[in-house]
Amino acid sequence: MSIIIKSEREIAVMRQAGRILANVMEVLKSNLRPGMKTKELDEITANELARRGAKASFKGYRGFPASICVSVNDEIVHGIPGEKVLKEGDIVSMDLGVIVNGFQADAAVTVAVGGISPEAEGLIAAAEGTLGAGIGAAHAGARLGDISAAIQHYAESRGYSVVREYTGHGIGREMHEEPQIANFGRPGTGPRLKKGMTLALEPMLNVGDWRTRLGDDYWTVSTADGSLSAHFEHTIAITDAGPEVLTIN
Ligand code: MG
């Protein structure tokens, strides 16, 4: 399989999906509070998507039971929303995929529940900055490895590790298209970036070691050492004018 180049029209549909996704994320953030169960975030997601005529990418994907992934504290990705109650000081990663008219958008944020520790605040800021560094490297004519290297450098130079077993990805009609985008690598390597490529960049940063552990539910991925983790993701398009973030409103 090769990297699929999208037309302007296809990117316009992905932009629509991205905008809906960003709007639903805003609703989720404004509803987040100590004492709520993570399954309430799933209910809000399902309702808000239905209201906007959009579908959740993750629901039923390889049997995933929910519309959104909710991963708390040392959980990195793929947490299943359920009976867990959020408390002041937690950090919550919400990862959402949206389908509109046959095209996908994918984004994630990590947010604070009430007041959080300086350690958690630093981690979230670094993870958001890391995504920005990756996006900043996503120019037509650059190479895929430039994105990976920018992500790794930004995170590690600030004292965080980047998760290695999970990657960003091409996205379009399918949630996961070519190429895989590692969150570590060497500049000047890999395929050349071209106008019309649409990519989901998603660094996951840990306070401790990069190694991961799969939970008993066979979905939830946590840090092996129990340290905090944060995850930021945007879907972008490579354009002649630079990277365009599609998952914003
Ligand atoms: Mg993704």
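One table, with the values for the structure above:
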read-out	value
Net lengthening on full extension, THR189/ARG62 (0.36 nm per residue, minus Cα-Cα)	42.6 nm
Accessible area of the chain divided out per residue, in Å², using a probe of 1.4 angstrom	42 Å²
Only Lys, Arg (+1) and Asp, Glu (-1) charged, at Cβ; the chain dipole about Cα centre in debye	700 debye
Near-label residues of segment 230-248 by backbone N, under 18 Å of a point 7 Å along Cα→Cβ of ILE5	237-244
Helix-only CD estimate at 222 nm, as mean residue ellipticity for the chain, using -39500 (n - 2.57) per DSSP H run (n ≥ 4)	-9500 deg cm²/dmol
Surface accessible to a 1.4 Å probe, SER71 within the full protein complex, Å²	0 Å²
Across LYS55/LYS87; LYS6/LYS39; LYS55/LYS194; LYS6/LYS87; LYS6/LYS59, pairs whose alpha-carbon gap is larger than 32 Å	LYS6/LYS39; LYS6/LYS87
Pairwise label distance in nanometres, ILE248 with VAL111, each label 7 Å out on the Cα-Cβ vector	1.8 nm
Distant-in-sequence amide H partners of PHE58 (H built 1.01 Å from N, under 5 Å)	GLY97
Quarter of the Cα convex hull surface for the chain, i.e. its orientation-mean projected area (nm²)	12.1 nm²
Label point 7 Å beyond Cα of ASP240 along Cβ direction - residues of segment 195-227 with amide nitrogen under 15 Å	195-197
Value of relative contact order over segment 1-142, rounded to a whole percent, pairs C-alpha under 8 Å and six or more apart	24 percent
Cα gyration tensor, segment 137-220 - rounded (a/c under 1.5), prolate or oblate	oblate
Relative contact order of the chain, pairs being alpha-carbon contacts under 8 Å that are 6 or more residues apart, as %	24 percent
Highest to lowest packing among 134-140, 240-246, scored as the average C-beta count within 10 Å	134-140, 240-246
Prolate/oblate/rounded label for segment 104-177 (Cα gyration tensor, a/c 1.5)	oblate
With all protein chains modelled, accessible area of ASP216 [1.4 Å, Å²]	150 Å²
At most 11 other Cβ within 10 Å, DSSP loop - chymotrypsin sites (Phe, Trp or Tyr not before Pro), segment 165-222	TYR218
³J(HN,Hα) computed for each position of segment 187-201 - Karplus, 6.51 cos²θ - 1.76 cosθ + 1.60, integer Hz, glycine/proline x	x, x, 10, x, x, 7, 7, 10, 3, x, 6, 10, 10, 9, 9
LYS29-ALA224 pseudo-label distance in nm [points 7 Å out on the Cα-to-Cβ vector]	3.3 nm
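The values are calculated or read from the model by the stated rules, or taken from the named source; none is laboratory data. Just so you know, these numbers come straight off a predicted model, no measurement behind them. Glycine also receives a Cβ, built like all others from the backbone with ideal geometry; neighbour counts cover every protein chain displayed. All accessible areas refer to the heavy atoms of the entire protein, side chains included, with ligands and DNA or RNA removed. Shrake-Rupley method; radii C 1.70, N 1.55, O 1.52, S 1.80 Å.
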